[in-house]
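This report concerns only the one structure given below.
The values are calculated or read from the model by the stated rules, or taken from the named source; none is laboratory data. Model, not experiment: these values are computed from the prediction. Cβ placement follows ideal geometry from the backbone for every residue including glycine, while neighbour counts extend to all protein chains displayed. For accessibility, only protein heavy atoms count, side chains too; no ligands or nucleic acids. Shrake-Rupley method; radii C 1.70, N 1.55, O 1.52, S 1.80 Å.
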Amino acid sequence: MKTAFTAVQLADPGIAAADGILRTCVHYGFCTAVCPTYVLTRDENEAPRGRIDLIRAMLERGGRPDAKTVGHIDSCLSCNACMTTCAVDVDYLHLADIARSYIEENYRRPLGDRLLRRLVARTVADPARFSRMTLLARLARPFRALLPGRLRTLVDLAPAALPPMPDLTGTHPAEGARRMRVALLQGCVQQALAPEINAATVRLLTRHGIEVVVPAEAGCCGAFTLHMGKADMARAAAARTVDAWHAELERGGLDAVVVNASGCGTVVKDYARLFANDPARSGKAAALAAIARDVTELLAPDDLRLPDTTVPLTVAYHDACSLQHAQKIRNRPRALLRAAGVDVRDVPEGHFCCGSAGAYNMLQPEMAGALGRRKAGHIESTGAAAVAAGNLGCLAQLARFTGLPMLHTVELLDWATGGPLPEALKRVTLPPPAARAKAPVPASAPPESPPPSASAGGTPGAAIW
C-alpha cells in the first residue's frame, strides 16, 4: 500500500510506525473471511482491509477524525484473527492501537460516550472500584428500564454477588525441591470477580515445585486501557507493575513472569514495545517481556503429578483470541488437559471471537451479544459438560449465553493434581472415578511458538482481559 505522509508527520514515532505497517498491506483480502465483524455485517469498512484504508486516510489527513471512521475502528474487536491468516504478516493490531490512541487525542466524543468510557476505564482496571461499582449496579437493577442503553448493559453484566477476595501477596514456597521461581500477575477484575483462578494457579505451581511470588505493588498490566486508546493511562498502570517485578527480579531472581489471563499475558510479552520510549523503564520492561509466560507454558504434560484415579469429564475448550492468535498457543492447554484425564472437545469455528474483547462487550453490546450467542451455540453443539478457557473475560462473556459450567484451565489442572473441586463443578453430576490411563500426547504435534525475546520487540498485543 502506498502512503503519502509528510516528513513532518513521519517525525512522530507513532505515525512512522503506522507508515511501516501500512506499506506491508497488499489487500489480498484473506483477512475478511475470518473477521467476525465483516462476516456478520458484510461491510468492507468492518473488515481489516477496509479499516486499514480508513486508518491510512485518517492519519494522512491529520486533524479531527470523522465520526464514521471512529465508529468503524471502535467496532474492531482486536481479536487478531486477521493476523493469523494474513499472507504478508501485516501488524494490524499495533496499527489499530496507534489509530485508537490518535482518536483518543484528536476526537471529541459525545458527552455520554466520554463519560461511559471514562467510567469503564477507571473502574474495571481497579479491583476495589470494580467491587464498589458492582454493588451500585446491583442496586440499580430494579431501575434498569429507565437507564440509557449501554448503562443497561453494564447493569446486566454485573455479577449477582462477588466472592471474598483473598490476599495472595507474598511468597508461596514450592512443595519439595524448588525447580523454579516465578512472579504471578494477579490481574485487575480477576481478583474481584474470580479470585479462585489465582488461588488455583498458586496451588498448581507450588505443587509442582515452583515458588510463586506475588508482589504487593504489582497491579494492572495496562492491557484493558491500552486497547481503549488510553495509552498514557495504560503505561502509568503498567509502570508500577514493571517496577515491582523488576525489584523482585533483582532481589531473588525470577525464571518467569506468569500470567493466567491471556489478554494480559499478550501485552506483558509486548512490554519491550510499550516502554520503548521510556528511558527509565525500557530495559526493565524488555527483561520482563523476555521471561513472560502464559501459565500453560510452565508445565509439560509429563510434569503433572497425577493420582491413580481420575474423574472423566468432557470439556469444550474455547481458544481465547489473545492466546491462539496473539501468543500462538493452541496445543499446550489441550495437551495438559488430556494428560490430566479430561476429554477435550474442539469448538466449531474456533477462530472466531466470543465478543468479550476487553471493554468491547460493554461498549459494543449489540455486536458482542451476536458473537456470544454464536459462540455459545457452537460450544453446546460439542455435547460437552463444561467449558474451559485461558481467559476470564471469555468465561464471563460465555456464561451469559449458555448454562454450562465455566472453568479456567488451571482450575481443572489444579483439581486433577490434588486440588479442591472447582466451584463451577459442584452443581454438576460427575461420573464415578476411574483408573487413570496414560493420555496419548501426539509426539508429532507441532510445537508452540516460543515467547519472543525482548530484542524481537514482543508479540502483538490484543484487546482482551
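The aspartates and glutamates whose alpha-carbon is closer than 17 Å to the alpha-carbon of Lys284, local same-chain residues fewer than 8 away aside, are Glu217, Asp243, Glu248, Glu250, Asp255, Asp270. Given the chain, what whole percent of its Cα pairs are spread farther than 31 Å? Everything past 31 Å amounts to 40 percent. Under 19 Å of direct C-alpha separation, and excluding same-chain neighbours fewer than eight residues apart, Lys328 reaches these lysines: Lys269. Counting every alpha-carbon pair across region 143-255, the share separated by more than 23 Å comes to 44%. Atom-type composition of the exposed protein surface of region 170-297 places 49 percent of the accessible area on carbon and sulfur (1.4 angstrom probe). Compactness check for region 214-348: Cα Rg over 2.2 N^0.38 Å is 1.21. The protection proxy used here, the mean number of other Cβ atoms lying within 10 Å of each residue, ranks peptides 101-111, 38-48 as follows, highest first: 38-48, 101-111. Report, ordered by chain and residue number, the lysines lying within cross-link reach of Lys426, taken as a straight Cα distance under 28 Å and ignoring same-chain residues fewer than 8 apart. Reachable lysines: Lys375, Lys438.
Each residue of region 226-238 was assigned a 3J(HN,Hα) from its phi angle through the Karplus expression (A = 6.51, B = -1.76, C = 1.60, θ = phi - 60°), giving 4, 8, 9, x, 8, 5, 5, 5, 5, 5, 4, 5, 5 Hz with x at Gly and Pro.
Here the peptides 177-185, 49-57 are ranked by packing, the mean other Cβ count within 10 Å, and the order with the highest first is 49-57, 177-185. For Val213, the residues whose amide H sits under 5 Å from its own are His172, Val182, Ala183, Leu184, ignoring neighbours fewer than 5 places away on the same chain, with H placed 1.01 Å from N. Among 290-299, 88-97, the peptide with the highest mean count of other Cβ atoms within 10 Å heads the list, and the full ranking is 290-299, 88-97. Put a dot 7 Å past each Cα toward the Cβ at Glu250 and Thr6; how far apart are the dots in nm? In this crude spin-label approximation the distance works out to 4.4 nm. Over the chain, dividing the summed -39,500 (n - 2.57) contributions of all DSSP H runs of at least 4 residues by the number of residues returns a 222 nm mean residue ellipticity of -13000 deg cm²/dmol. Taken over the C-alpha atoms, region 190-286 has Rg and Dmax values of 13.7, 40 angstrom. Panel values: region 306-442, Kirkwood radius from alpha carbon pairs, Stokes-Einstein at 20 °C and 1.002 mPa s, translational diffusion coefficient 140 µm²/s. Converting phi to 3J(HN,Hα) with the Karplus coefficients 6.51, -1.76 and 1.60 and the offset θ = phi - 60°, region 210-221 yields 10, 6, 10, 10, 10, x, 5, 7, 7, x, 6, 8 Hz in sequence order, with x at every glycine or proline.
Can you bin region 111-157 into rounded, prolate or oblate? Criterion: square roots of the alpha carbon gyration tensor eigenvalues sorted a ≥ b ≥ c, rounded for a/c under 1.5, prolate for a/b above b/c, oblate for the rest. Because a/c hits 1.5 or more and a/b fails to exceed b/c, region 111-157 counts as oblate.
One way to sum up the overall shape of region 7-106 is the equivalent ellipsoid from its Cα gyration tensor, whose semi-axes run 21, 16, 10 Å, largest first. Compared with the alpha-carbon gap, the fully stretched path from Ala434 to Glu380 is longer by 16.9 nm at 0.36 nm per residue.
Excluding ligands, DNA and RNA, what is the solvent-accessible area per residue of region 207-274 at a probe of 1.4 Å, expressed in Å²? Averaged over the residues of region 207-274, the accessible area is 27 Å². Rounded to whole numbers, the Karplus 3J(HN,Hα) couplings from phi for region 27-40 are 6, 4, x, 4, 5, 5, 5, 10, 7, x, 5, 5, 4, 7 Hz, using 6.51 cos²θ - 1.76 cosθ + 1.60 with θ = phi - 60°, and x at Gly and Pro.
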